[in-house]
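One structure below.
Values quoted throughout were computed directly from the atomic coordinates according to the rules given, and no laboratory measurement underlies them. Fair warning: this is a prediction, and the values are worked out from it, not measured in the lab. Note that we place each Cβ from the backbone using ideal geometry, even for glycine, and neighbour counts take in every protein chain shown.
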Amino acid sequence: MPKSHSSKRAGKNDRKPSISALVRDIKKQLLSDLQSDPPISTAQLKTKYLGKQGMVTRAMKEIGAVAPEKRSEAGKELNTLKLWAEGQMSRVSETEKMRLDSGIASDDGFDVTAPFPPNTTGSERPGLEPKVGTLHPLTTVGEKAIRIFESMGFHLVEARRLDDDYNSFEALNIPKGHPARDLWDTFWTEDRLIPIPHTSAMQNRILSSVKPPIREIIVGKCFRNEATDASHEHTFYQLEGVYVDKNVTLTDLIGTLSHFMNAFYGRDIKYKIQPSYFPFVEPGLEFLIECLVCGQRGCPFCHYSKWVEVIPCGPIHPNVLRESGLNPDEYSGFAWGLGFDRLVILRNQISDIRLLHSGDLKFLEQFR
């Protein structure tokens, strides 16, 4: 009795379709989906064809089953299919965008930005006058502060948003393991860069590249590991000042800052100096002014002390000058760090500094 060949025939019938057949089937299916009514969204198409379990993705995994001598040709077919599919998705996305834009621009269309229900039309829609935006108070105050210092002969430099350990700490007389880092150490990128804790991160770059006399102001957004309260924020804008020349004294520093305060507020501002500690200046000082929020009666912003510390400052530490290549026996200078946020608070008698970064339009609209 002859042997049955049914098992062999079944094996031939179970063979997977060729790559070319898969490509044709996927193209046919995608073209059908593109013409469907209602239309299929770009997101749905991408999931169906290009997602992790998409038809194109699964087809590309079949390359391993192709004979070695035919894999190159099959790979080209699949890559061409993928590029073609991506192009079709892009066109669908553009169509969706045009449809949305048309709806927003049309009187009868659906405007996703409108502050009323989508089904209301014509007279049912409330009369809404367009609102004219204004500059944020931090911007206006910052621009005014910059103009005052520029009138005193300082040149503006913008700080980096991210910087390295050397410029943020080591060049400023803050070695690894120094306890002062606890306040400033936030988070690090994989490349060991840190969101700048102070605009002082630019000091070494300036001191090592500009010949004295050096008169620079640095503006930047800073980030700190700090508990927030009415007068402190973990994120703020700072204006750094650096002045280096021969025979610079502490009197020059106090005169510069008091002149700025008087010019900024338009009157003589009471101030006082008290000692503090900052690794990059020696001696470390704090420049305090009268609390303009409460008129020196005592409030949460000044912690009922009647004074507000607005500018940490001091003569630049000899180690910082030496690190930048300047001889501290020949040159001296001073530096300060001024927070825009506190200037806004004091100028407008705002009780809580956190309101400036709240995004509250009702609060910001007061500064038109």
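Remarks
- Within segment 141-196, the trypsin sites (Lys or Arg not before Pro) that combine a DSSP coil assignment with at most 16 other C-beta atoms in a 10 angstrom radius are ARG161, LYS176, ARG192.
- Helix 19-34 and the longest principal axis of the C-alpha atoms of the chain enclose an angle of approximately 70°.
- Summing Cβ point charges (Lys, Arg +1; Asp, Glu -1) relative to the Cα centre of segment 137-367 gives a dipole of roughly 580 debye.
- With 0.36 nm allotted per residue and the present C-alpha distance subtracted, the THR228-ASN262 stretch has 9.4 nm of extension available.
- Over the chain: helical MRE at 222 nm, DSSP H runs n ≥ 4 each giving -39500 (n - 2.57), nearest 500: -11500 deg cm²/dmol
- Summary: within the chain, the longest segment free of GluC sites (Glu not before Pro) located in DSSP loops with at most 12 other C-beta atoms within 10 Å is 1-189.
- Span from the segment 329-368 Cα centroid across to the segment 61-81 one, whole angstrom: 62 Å
- Gaussian network model of the chain, springs between alpha carbon atoms under 10 Å - residue of TRP84, TRP188, TRP336 with greatest fluctuation: TRP84
- On the basis of the beta-carbon distance and an R0 of 25 Å, GLN44 and THR80 show a calculated FRET efficiency of 0.60.
- On Cα atoms only, tilt of 250-265 relative to the major axis of the chain in degrees: 70 degrees
- Selected from MET152, MET261, MET89 as most flexible by GNM, with the chain as the system and alpha-carbon contacts under 10 Å: MET89
- Relative contact order (%) - segment 137-367, alpha-carbon pairs under 8 angstrom, separation at least six: 22 percent
- Lys/Arg +1, Asp/Glu -1 at C-beta; the chain dipole; positive extreme among THR47, PRO213, SER351: THR47
- Of LYS52, LYS270, LYS246, the one that fluctuates the most in a GNM where the chain has Cα springs shorter than 10 Å: LYS52
- Debye, to nearest 20: dipole size of segment 121-264, +1 on Lys, Arg Cβ, -1 on Asp, Glu Cβ: 360 debye
- Computed over Cα pairs, the Kirkwood radius of the chain leads via Stokes-Einstein (0.890 mPa s, 25 °C) to a diffusion coefficient of 92 µm² per second.
- Listed residue pairs exceeding 20 Å between alpha carbons, taken from LYS48/LYS82; LYS221/LYS306; LYS46/LYS82; LYS272/LYS306: LYS221/LYS306
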